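Engineer: Quick one: the structure is below, and I'll ask about it shortly.
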C-alpha cells in the first residue's frame, strides 16, 4: 500500500486505532482510510488530508459527547462517507473558522444551535450530505468565503435549515429541506446567498426569510407545503427571484416589506392563503412574467405606499379579489390578466393609486372597482362576462381610456356618489344593465365612446353634478340611447350619434324625468351620524391634536361670523403642517377638518385631495408646473393634503431636486392666488418637516402653524384593536388585551413603526390565526367565532 495511504481500524494490529492519531502521523496530502465502526473523538484536522470510509457511506461514525466533533485548522481537508454526530448542546458538530473543509456524502447530526458552522475565513464544500439537528440550525455561515452546498438534504431541523448572516456568503445548489421548525433559508445582516434548483417543504415559519441588508439570487427555488409565508422579503439588499415557485401555503406566497425592492421573473404562486403576493411598507421592485393562482383570498395585494411595477402578470382563480391596491400604494401594471376571481377582479380602495396599461379581465363578480378616495388611471382595459358590474367607481377617481367591456351582468360602467369618472375611446357592448351610469353625486366625462346592444339605456345620467358627453355613439340598446333623469344645468351633450335604440333619448330638459320612475329617496341618517366634528372628537388618542384643530375651527367660526357682521376677519393660519410618524391619523384629521370648514361655509366643498411627490413632479422640464397645477385645481374648494412634503426639496424620486423646487414655487404662487378657496396641509416626519420649512422661506411664511401628531401609546393602540373588533363583530379576551399591551410597549418606536396601521395589521393577523385555530376544532360555538384570545396574537412576522 502506498505510504500516502494510512489505515484506521478497530481491529488490533492492522493500523491506527484512532483517526486523530492517523492525522498526526500522516504526511500532507495523505489519504486516511477508516474501517467500519464508531469512533469517539474530538478530531482536529491540522493537515491537508482526506478521510474516507473504507466500506462506504454509513459504516463509519465519528462522535463526541462534548466539544466540537470536527475542527479544521489546516488550509484544506476533506471527509467522505463519514457520519459525524454531536451530543453537545452548546457546540456545533463541525466548525470551520479557517481553511476549507470538503464534506462528501457525509451524515451530519447536531444537538446545539447549529450542526455546521463556517465563520472567520472558513469555507465549507458540502456535496451529497444529510444534515439534521432537532435543537438548532443545520448550517450557519458568517464567513465571506462560506462555500458551497450541493445536493444536500436537511431534515428534522429545530430552527432554520440554512442561515447566512453577518458578511457570510454561500452558494446552494440542488438541495432539499424537508422539515424545519423555523425557516428553510434565513438571511440577515449582509449575508449573501445564491441558490439554484432547490426545494423547501415543511417549515413552520417563512420558508425563505431575507432581512436587514441581506441579498439573495434564487433560480428555480421551490417552496411548498409550509404552514406560513413562502418568501418573506424585507431587505435593503439585492433580491432576485427567477422562475421560483411557492405553492400550498398556510399564508402569503411572497410577502414584501420594509422598503424591499425585489426583481421577480417567471415566478409562480399557487394555493396560498390570505394573499398570494403582498407588497407593504413602502416596498417596490419589478415583477415580470409571473403567475398567481388559486389563492384563498387576494391574489396580489399592494398597500402601505408600496410602488412595485408589474409586467405580464397573470392572476387566476382567487376567492376574494384578483388584484387589490390600498393605503396610498402607487403600483404600475402593464399587461395584467385576471381570470375567474370569485369577487372583484381588480380593486383600488382606501386611498389606493396606480396606473394600469393593457388589462384583461375575464369573469368575476365585478371587473374593476375603484373606491374610498382612490385614484386610478387605466388604459387598454378589456372586461368580459362579469356576473355584475363591469367597472364600479364610488367616492374615487378613475380615468379609463381605450377600454372594451362586453357582457356585463349588471351595469357596464357605474359611477356612484362621489365618483369622478373620465371615459375616453371605450366600447361597451351587451350589458344587462346600463352601459354607463352616473348615479346621484357622480361627475365626469364620456368622450369618443360607443355603447351598444344593452338590455336598457346606453348612457343614463341620474346626477345633477357636471357630466360632459362628447362625440359618443349609442346604438341598438333596448332602452334610451341617453337618458337624463334629473334636471340640471351641469349636463353637457355634444355631437351624440344615436340610432336603433328602442326608446327615445331624453336629456337637457326637465321632461326627461318623466321617462323614468321616481327614484326612492335614500334613508335619512341622524344629523350627528356623520358630523365631522363629532367624528374628530371620537378618534382614539390625539388629545393635543384635537385641541389644536378645535381651536382652529373656533377661530374660523368666529371669523365667518365677523365677516357676516361686516367686520374684518382676524389673522389666521389657513395652511397647516401636520408633523409626526406614519399611521397617527394625519390624513383622517385633514379630511374631517375640511368637512367642518365646509359646514361653516369657509370652504365650498371641503373634500380632500391627497397627493405625494409623484403626483406633483414630472419627469420632463416644464411638466412639473402643469402637473402641480392640475393636482391643485382638483383641490379648490377643499383641502390639498401633501404627504411627505419634505421630499419635494430632498431630490428623491429620481427626478432631481430642481423639479421638486419647481413644484414648490408653483405651489407658493397657487396658494397665494387661491388663498380664500383652499386649505393646504403639508405632512411628514417632524424633523424632516422642520428642515423643509427652514430651507423654503416661501413655504415657511405660508405655514405659520404646525400641529404635532405623537405616537400612539400602548393603551391607545389596544383601544384601536378593540375598535376594529367592535367594527367586525369580534370580542377581545382580557388576557389578549394584556398581551397586546405588552407587545405594543415592546415595539421599537422608530421610523418603521406604523402606529394605527400597526394596530390594524395586528388585528388582521389575529383574525387569520383565529380562523386557522377554529378550523382545526371539532365543534365551534358562536362565542368562539367572535372571541380573539392571546393564542391568536403572533409577535413578529416570523
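The values are calculated or read from the model by the stated rules, or taken from the named source; none is laboratory data. All figures in this text were calculated on a predicted structure; none of them were measured in a lab. Virtual Cβ from ideal backbone geometry, glycine too; neighbours counted across all protein chains shown.
Engineer: Mind telling me which of the residues 32, 19, 6 ends up being touching a residue at least 40 places away in the same chain (Cβ under 8 Å) and surrounded by 18 or more Cβ atoms within 10 Å (Cβ to Cβ)?
Structural biologist: So the residue among 32, 19, 6 that is touching a residue at least 40 places away in the same chain (Cβ under 8 Å) and surrounded by 18 or more Cβ atoms within 10 Å (Cβ to Cβ) is 19.
Engineer: List every residue pair whose Cβ atoms lie under 8 Å apart, where the two residues are 6 or more positions apart in sequence or sit on different chains, the first residue falls within the range 384-406 and is at positive phi, and the second residue, located anywhere, is buried (at least 24 other Cβ atoms within 10 Å of the Cβ).
Structural biologist: These pairs meet every condition: 385/408; 395/419; 402/381; 402/426.
Engineer: If you go through the range 479-510 one residue at a time, how many are more than 15 Å from residue 437 (Cα to Cα), in contact (Cβ under 8 Å) with a residue 24 or more places away in the chain and assigned to a loop (DSSP other than H, G, I, E, B)?
Structural biologist: 10
Engineer: Which of (1) more than 30 Å from residue 574 (Cβ to Cβ); (2) crowded, with 17+ Cβ neighbours inside 10 Å; (3) in contact (Cβ under 8 Å) with a residue 24 or more places away in the chain does residue 709 not meet, given it meets every other one?
Structural biologist: Only one criterion in (1) more than 30 Å from residue 574 (Cβ to Cβ); (2) crowded, with 17+ Cβ neighbours inside 10 Å; (3) in contact (Cβ under 8 Å) with a residue 24 or more places away in the chain is unmet by residue 709, namely (1).
Engineer: Taking the criterion of being in a strand (DSSP E or B) and surrounded by fewer than 24 Cβ atoms within 10 Å (Cβ to Cβ), would at least one residue in the range 341-354 satisfy it?
Structural biologist: No, because not a single residue in the range 341-354 is in a strand (DSSP E or B) and surrounded by fewer than 24 Cβ atoms within 10 Å (Cβ to Cβ).
Engineer: Quick one: would you say residue 625 is touching a residue at least 12 places away in the same chain (Cβ under 8 Å), crowded, with 16+ Cβ neighbours inside 10 Å and under 31 Å from the mean Cα position of the chain (by Cα)?
Structural biologist: No; evaluated as a whole, the condition is false for this residue.
Engineer: Going through the range 368-377 one residue at a time, which ones are at pLDDT below 95 and closer than 23 Å to residue 293 by Cα?
Structural biologist: none
Rundown of residues vs (1) modelled with pLDDT of 80 or more; (2) outside the structural domain of residue 540 (by TED's automatic domain parsing); (3) surrounded by 13 or more Cβ atoms within 10 Å (Cβ to Cβ); (4) within 23 Å of residue 304 (Cα to Cα), yes/no style:
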site: 750; (1), (2), (3), (4): no, yes, no, yes
site: 754; (1), (2), (3), (4): no, yes, yes, yes
site: 761; (1), (2), (3), (4): yes, yes, yes, yes
site: 768; (1), (2), (3), (4): yes, yes, yes, yes
site: 779; (1), (2), (3), (4): yes, yes, no, no
site: 784; (1), (2), (3), (4): yes, yes, yes, no
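Engineer: Is there a residue being closer than 19 Å to residue 341 by Cβ, modelled with pLDDT of 95 or more and crowded, with 24+ Cβ neighbours inside 10 Å anywhere in the range 414-434?
Structural biologist: Yes, the range 414-434 contains a residue that is closer than 19 Å to residue 341 by Cβ, modelled with pLDDT of 95 or more and crowded, with 24+ Cβ neighbours inside 10 Å.
Engineer: I need the full set of residues from the range 528-544 which are modelled with pLDDT of 75 or more and assigned to a helix (DSSP H, G or I), in order please.
Structural biologist: 532, 533, 534, 535, 536, 537, 543, 544
Engineer: Among the listed residues 276, 317, identify the single one that is touching a strand residue (DSSP E or B) at 6+ places or on another chain (Cβ under 7 Å) and surrounded by fewer than 20 Cβ atoms within 10 Å (Cβ to Cβ).
Structural biologist: Going through 276, 317 in turn, the sole match is 317.
Engineer: Looking for something closer than 30 Å to residue 761 by Cβ and either touching a helix residue (DSSP H, G or I) at 6+ places or on another chain (Cβ under 7 Å) or modelled with pLDDT of 85 or more (or both) - is there at least one such residue anywhere in the range 692-701?
Structural biologist: Looking through the range 692-701, at least one residue is closer than 30 Å to residue 761 by Cβ and either touching a helix residue (DSSP H, G or I) at 6+ places or on another chain (Cβ under 7 Å) or modelled with pLDDT of 85 or more (or both).
Engineer: Take the range 71-103 and flag every residue that is outside any loop (DSSP other than H, G, I, E, B) and more than 42 Å from the chain's Cα centre (by Cα).
Structural biologist: 71, 72, 76, 77, 78, 79, 80, 82, 83, 84, 85, 86
Engineer: If you don't mind, another one. For residues that are under 23 Å from the mean Cα position of the chain (by Cα) and surrounded by fewer than 24 Cβ atoms within 10 Å (Cβ to Cβ), tally how many sit in the range 191-219.
Structural biologist: Number of matching residues: 8.
Engineer: Taking the range 237-250, which residues are part of a loop (DSSP other than H, G, I, E, B), modelled with pLDDT of 95 or more and closer than 23 Å to residue 201 by Cβ?
Structural biologist: The answer is 243, 244.
Engineer: For residue 282, work out the one condition from (1) more than 25 Å from residue 367 (Cα to Cα); (2) in contact with a strand residue (DSSP E or B) (Cβ under 8 Å, 6 or more places away or on another chain) it doesn't fulfil.
Structural biologist: (2)
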